[in-house]
Amino acid sequence: MKQIALKSLVAAVAVLPWLSYAATEADVDNAFYPYKSGVPVHPAIKPGMVINKGNVASAKDALDPAMFQHIQDGWLEIAVGPTTSFDPSKNYVEATKKNLGKVKLGAKLGELTGYVAGRPFPEEPDSKDSRAGEKLAWNFKYFFNYGDNGSIGPFYWSFRDLNTGKVERRINFNFSFLNYKHRVTDAPTPDLAPNPSQFYRGIYAKVLEPLDIKDTQLLIHRFEDDSKRDEAYLYLGFQRRVRRLSTSQTSDAFLGTDLMIEDFEGYNGRISDQEWAYKGTANILAPYFNHDQQQLSNEFQESDGYRFLDVTGKGGCFPKATYQLRKSYVLEGKPLEPGHPVSRRVYYIDSQTFTIFRVMIYDKKGDLWKSFTVGKAHADHHLPQNKGSGAPLDDFFSMVDVQAKHCTTGQFKVRIGPKEAPVNLFTTQTMRGTS
């Protein structure tokens, strides 16, 4: 009987590989401080050099396939900067250590138990683990992008012709982000109360200009329970009413841009909406940099002297910023909804911050459709109020539709702090009352 029981236990562990490894504090330190013993090196890539179509072949293994093709086709050149550490919030690190061993995947996709705060799975992904990709997706969901409260404003989105560089239209937004749960920095922690609907996170956006869509607002509530679909609402200023968005509308073009709502921050959807697969770890050139050390734009004027990241490359569709070699995870997501316009996405995730910096998006036929880039600025080289926050700041995005030869770019002014996203902002009543 003992032999039978032992065989049953071994068989159970074999089919449940995600239960077979317990993360340690050493895993946490390695996850959050990957460059403490040295930075990634590459025989053909050195800080200070420029990668262009003449030498890109030697750097092919440090670029995703779409970015390699862009450079090879002469769409842009990449200036290489030194690899730097984006040290995270100490509170986020401590929360990860405090909750080690408590977080478990459920039997079904999108189920998680025991999570309180921090990074759910700080250990290195294992290619033998059939659910390693799902763990990476959870780590992304609970990353520290805007801290517990953050905002962007102004936030300039520009519609650009890839071939001519003509700016066809520009939208100026305010965006705000609020964590209702799993908070580590801003009181109260870990959760806001009351929260009867058990929301995890809120996103609120408002259009400031142009006049024809002024006061258009978007509100998204993401539930703690991943099996529940987001509550998403759109307020159209010219109609003066709030309407609830259907699930299909989150994969439509947002206000005529090249982005879907589902594209926000790299991926703005449920874990249970996609099939996840870990595709490996590699040192990849990523647009992570110090904002105050870049050649900034003079196009927009801010009263505090803040200058936005500039554009470069074909059509002005890429960030004018330095790239650095960073340890990265490659994650594939395949939408499970049969009618979804995307067949798969390939995400490149920074291992230290767990932010997504590159996404390749493929259409239903399996052809490359869109190429997404998100540039990240170090908080200590940004606005004074962001210093010490440990938040990797979104500084630029570029969504290039390679088939339509069109792009949408975004230039950010991000602020982190408890006053940036008050709870009462994230209500439909506020949407009706702020126009």
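Yes/no matrix, rows are residues, columns are (1) touching a residue at least 40 places away in the same chain (Cβ under 8 Å); (2) surrounded by fewer than 23 Cβ atoms within 10 Å (Cβ to Cβ):
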residue: LEU296; (1), (2): no, yes
residue: ARG307; (1), (2): no, yes
residue: ASP310; (1), (2): no, yes
residue: TYR323; (1), (2): yes, no
residue: LYS327; (1), (2): yes, yes
residue: LEU331; (1), (2): yes, no
residue: ARG358; (1), (2): yes, no
residue: LYS376; (1), (2): yes, no
residue: GLY388; (1), (2): no, yes
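Restricting to the stretch 337-378, what's the tally of residues that are touching an Asp or Glu at 6+ places or on another chain (Cβ under 8 Å), of a type in the set (Phe, Trp, Tyr) and more than 30 Å from PRO88 (Cα to Cα)? Counting residues in the stretch 337-378 that are touching an Asp or Glu at 6+ places or on another chain (Cβ under 8 Å), of a type in the set (Phe, Trp, Tyr) and more than 30 Å from PRO88 (Cα to Cα) gives 1.
Inside the stretch 335-414, counting only strands (runs of 3 or more DSSP E) that do not spill past its ends, which hold 3 or more residues that are closer than 28 Å to TYR306 by Cα, at pLDDT 95 or above and of a type outside the set (Lys, Arg)?
Counting at least 3 such residues, we get 368-377, 393-401.
Residues that are under 25 Å from TYR146 (Cα atoms) number at least 1 in the following strands (runs of 3 or more DSSP E) confined to the stretch 226-289: 231-236, 274-286. For the stretch 255-271, taking the residues that are over 23 Å from PHE199 (Cα atoms) and surrounded by 15 or more Cβ atoms within 10 Å (Cβ to Cβ), the one that is modelled with the lowest pLDDT is identified as LEU255. A Cβ distance below 8 Å, combined with a sequence gap of six or more or placement on separate chains, defines the contacts here; from the stretch 69-95, residues that are within 18 Å of PRO319 (Cβ to Cβ) and among the charged types (D, E, K, R) reach residues that are crowded, with 22+ Cβ neighbours inside 10 Å and modelled with pLDDT of 95 or more in the pairs GLU77/ILE51; GLU77/ILE71.
Of everything in the stretch 71-89, what is more than 24 Å from ALA379 (Cα to Cα) and touching a strand residue (DSSP E or B) at 6+ places or on another chain (Cβ under 7 Å)? Give them in sequence order.
Result: ILE71, LEU76, GLU77.
For the stretch 135-155, a residue qualifies if it is in contact with a Gly (Cβ under 7 Å, 6 or more places away or on another chain) and assigned to a strand (DSSP E or B), and the qualifying residues are ASN149, PHE155. In the stretch 70-116, which residue that is among the β-branched types (Val, Ile, Thr) and in a loop (DSSP other than H, G, I, E, B) is surrounded by the fewest Cβ atoms within 10 Å (Cβ to Cβ)? My answer is THR84. The lone criterion from (1) out of contact with any Ser or Thr (no Cβ under 6 Å at 6 or more places or on another chain); (2) at pLDDT 95 or above; (3) outside any helix (DSSP H, G or I); (4) surrounded by 11 or more Cβ atoms within 10 Å (Cβ to Cβ) left unmet by TYR21 is number (2). In summary, THR185 fulfils each of the numbered conditions (1) outside any strand (DSSP E or B); (2) under 13 Å from CYS317 (Cα atoms); (3) of a type in the set (S, T, N, Q) with the single exception of condition (2).
Can you tell me which of LYS53, LYS7 is at pLDDT below 95 and more than 22 Å from TRP276 (Cβ to Cβ)?
On the way: LYS53 fails: at pLDDT below 95.
Just one listed residue meets the conditions, LYS7.
Looking across the stretch 307-334 at every residue that is part of a loop (DSSP other than H, G, I, E, B) and of a type in the set (A, V, I, L, M, F, W, C), the one that is farthest from PRO43 (Cα to Cα) is identified as PHE308.
The values are calculated or read from the model by the stated rules, or taken from the named source; none is laboratory data. What you see is a predicted model, and the numbers here were worked out from it, not measured in a lab. Cβ atoms come from the backbone with ideal geometry, glycine included; neighbour counts cover every protein chain shown.
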